[in-house]
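Structure first, then comments.
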Amino acid sequence: MEQQLSDDAGYIRIIHDQQERLKELSCINRATQILKERKPVDETLMHLVLILPAAWQYPDFTGARIRYNGKSFETPGLKETAWQMIQDFSTVDGDGSVEVYYSREFLEEFEGPFLKEERDLIRNIAGLIAGYINSLKARNLRTSSHDDDSEYDNIAGLSSRKLLQKFLDR
């Protein structure tokens, strides 16, 4: 009988762990979809912050915030608490952070009440955000440089040194 209870507890733990991994994977997939929509940065960050709590172990007690470029995007009713997980990120325009808070205390896990996989998730989300913002900035730079191409239509007579200087002067 004791062996049966032990086996049942192990099975329940495996099911629980798999459900947690599915929530995390779903968050990554949803974040990727949001980023592919290529909406303005503020709108994108607001959509991202709203999907974060569902991926954590205790979604009913989870709030999130993304800070970037002097702005803050957060879930409704967010409460800053001691039970927090923060991941910083850097972009060509500046720094930001992804923050997750529990509104109450839970059992000690890998990092306070947070699982190791949740640390991995927040690190991945921060990386996706930084990559998204950097790619937007690069695309905008490339687009603006194409707008200026008219001034370079007649470049046949320029030396490579002069071409490089014109490019650097932009």
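The values are calculated or read from the model by the stated rules, or taken from the named source; none is laboratory data. Remember, predicted model here, so these are calculated numbers, not experimental data. Here the Cβ positions follow ideal geometry from the backbone for every residue, glycine too, while neighbour counts run over all protein chains shown. All accessible areas refer to the heavy atoms of the entire protein, side chains included, with ligands and DNA or RNA removed. Shrake-Rupley method; radii C 1.70, N 1.55, O 1.52, S 1.80 Å.
Between 97, 103, the distinction of being of a type outside the set (Asp, Glu) and more than 24 Å from residue 29 (Cβ to Cβ) belongs to 103 only.
Against the criterion of being open to solvent by less than 90 Å² (accessible area, probe 1.4 Å), within 23 Å of residue 132 (Cβ to Cβ) and of a type outside the set (Gly, Ala, Ser), residue 87 qualifies. Annotation note: Cβ proximity below 8 Å between a residue of the stretch 41-53 that is in contact (Cβ under 8 Å) with a residue 24 or more places away in the chain and more than 18 Å from residue 95 (Cα to Cα) and a residue that is in a helix (DSSP H, G or I) and open to solvent by 30 Å² or more (accessible area, probe 1.4 Å) (sequence gap 6+ or interchain) occurs for 51/30; 53/59.
Answer with yes or no whether residue 48 is in contact with a Ser or Thr (Cβ under 9 Å, 6 or more places away or on another chain) and assigned to a helix (DSSP H, G or I). Step through it out loud before you land on a result.
On the way: in contact with a Ser or Thr (Cβ under 9 Å, 6 or more places away or on another chain): no; assigned to a helix (DSSP H, G or I): yes.
So residue 48 fails the test.
Of all the residues in the stretch 123-145, those that are open to solvent by less than 20 Å² (accessible area, probe 1.4 Å) and free of Cβ contacts under 8 Å to residues at least 40 places away in the same chain number 1.
Scanning the stretch 92-140 for residues that are farther than 18 Å from residue 80 by Cα, β-branched (Val, Ile, Thr) and within 12 Å of the chain's Cα centre (by Cα) yields a total of 3.
The set of residues from the stretch 92-110 being in contact with a strand residue (DSSP E or B) (Cβ under 8 Å, 6 or more places away or on another chain), of a type in the set (D, E, K, R) and either assigned to a helix (DSSP H, G or I) or surrounded by 13 or more Cβ atoms within 10 Å (Cβ to Cβ) (or both) comprises just one member, 99.
Look at the stretch 57-78: where a residue is farther than 20 Å from residue 117 by Cβ and a partner is acidic (Asp, Glu) and in a strand (DSSP E or B), sitting 6+ places away or on another chain with Cβ atoms under 7 Å, you get 65/74; 65/99.
For the stretch 44-65, the condition holds for no residue, the condition being that it is within 13 Å of residue 129 (Cα to Cα) and open to solvent by 70 Å² or more (accessible area, probe 1.4 Å). Pairs meeting the criteria (first residue in the stretch 9-36 and surrounded by 13 or more Cβ atoms within 10 Å (Cβ to Cβ), second residue among the small types (Gly, Ala, Ser), beta carbons under 6 Å, at least 6 apart or on different chains) are 23/55; 24/55; 27/55.
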